[in-house]
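Laboratory data are not the source of any read-out in this text; all were calculated from the coordinates shown. Quantities reported herein were computed from a predicted structural model and do not represent experimental measurements. Here the Cβ positions follow ideal geometry from the backbone for every residue, glycine too, while neighbour counts run over all protein chains shown.
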Amino acid sequence: MTVVDALLRWSRMSLTSLRTAITVGALTMLVGFAAVSLMTAPQAPVGGAEKVGLSSTPLNAMMERHRCSFTGFDREAVPSKAIVRTPEGETRLVSFDHGWAVFIGEAAGELVAVCLGAETREKPEQPR
């Protein structure tokens, strides 16, 4: 074996090792980024009222009466009211606009739920 053959063999082995190391490093980074994105993704609320600490009979009655949800509605549904907890700890039914202001931080408090509003019943027609 000549010096040139040995040098070619050594360089080929070095390039193969370098390519393998770069591939393993790139795959490790890819898996790491995927794991970080899964861990930092927003999680769905668990337990609704229990999570917010508002499990009470008056709140449940208000939620039923105004058709409220802790997690929101389908895209077709348009909320008209919201339930917020004030900085003083009071739970209030407010307009959806005020609830949105609380949600984005323009108003003080904590958004608890969004509501479709009280169900409106059509009055039966009077016989003539």
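Looking across the stretch 67-85, the residues that are assigned to a strand (DSSP E or B) and surrounded by 16 or more Cβ atoms within 10 Å (Cβ to Cβ) come down to Cys68, Lys81, Ala82, Ile83, Val84, Arg85. Residues of the stretch 76-117 that are among the β-branched types (Val, Ile, Thr) and either in contact with a helix residue (DSSP H, G or I) (Cβ under 7 Å, 6 or more places away or on another chain) or under 21 Å from Glu64 (Cβ atoms) (or both): Val78, Ile83, Val84, Thr91, Val94, Val112, Val114.
Of the residues that sit in the stretch 1-20 and are of a type in the set (A, V, I, L, M, F, W, C) and surrounded by 10 or more Cβ atoms within 10 Å (Cβ to Cβ), which one is nearest to the chain's Cα centre (by Cα)? First the steps, then the outcome.
Step one: of the stretch 1-20, the residues of a type in the set (A, V, I, L, M, F, W, C) are 1, 3-4, 6-8, 10, 13, 15, 18.
With the extra rule that they be surrounded by 10 or more Cβ atoms within 10 Å (Cβ to Cβ), the set shrinks to 6-8, 10, 13, 15, 18.
Working: Ala6: 60, Leu7: 58, Leu8: 57, Trp10: 54, Met13: 49, Leu15: 46, Leu18: 42 Å.
Out of the qualifying residues, it is Leu18.
Just a yes or no: is a residue in the stretch 99-114 acidic (Asp, Glu) and either touching a strand residue (DSSP E or B) at 6+ places or on another chain (Cβ under 6 Å) or surrounded by 11 or more Cβ atoms within 10 Å (Cβ to Cβ) (or both)? Spell out how you get there, then give the answer.
Residues of the stretch 99-114 acidic (Asp, Glu): 106, 110.
Restricting the remaining residues to those that are either touching a strand residue (DSSP E or B) at 6+ places or on another chain (Cβ under 6 Å) or surrounded by 11 or more Cβ atoms within 10 Å (Cβ to Cβ) (or both) gives 110.
The answer is yes, given that some residue of the stretch 99-114 is acidic (Asp, Glu) and either touching a strand residue (DSSP E or B) at 6+ places or on another chain (Cβ under 6 Å) or surrounded by 11 or more Cβ atoms within 10 Å (Cβ to Cβ) (or both).
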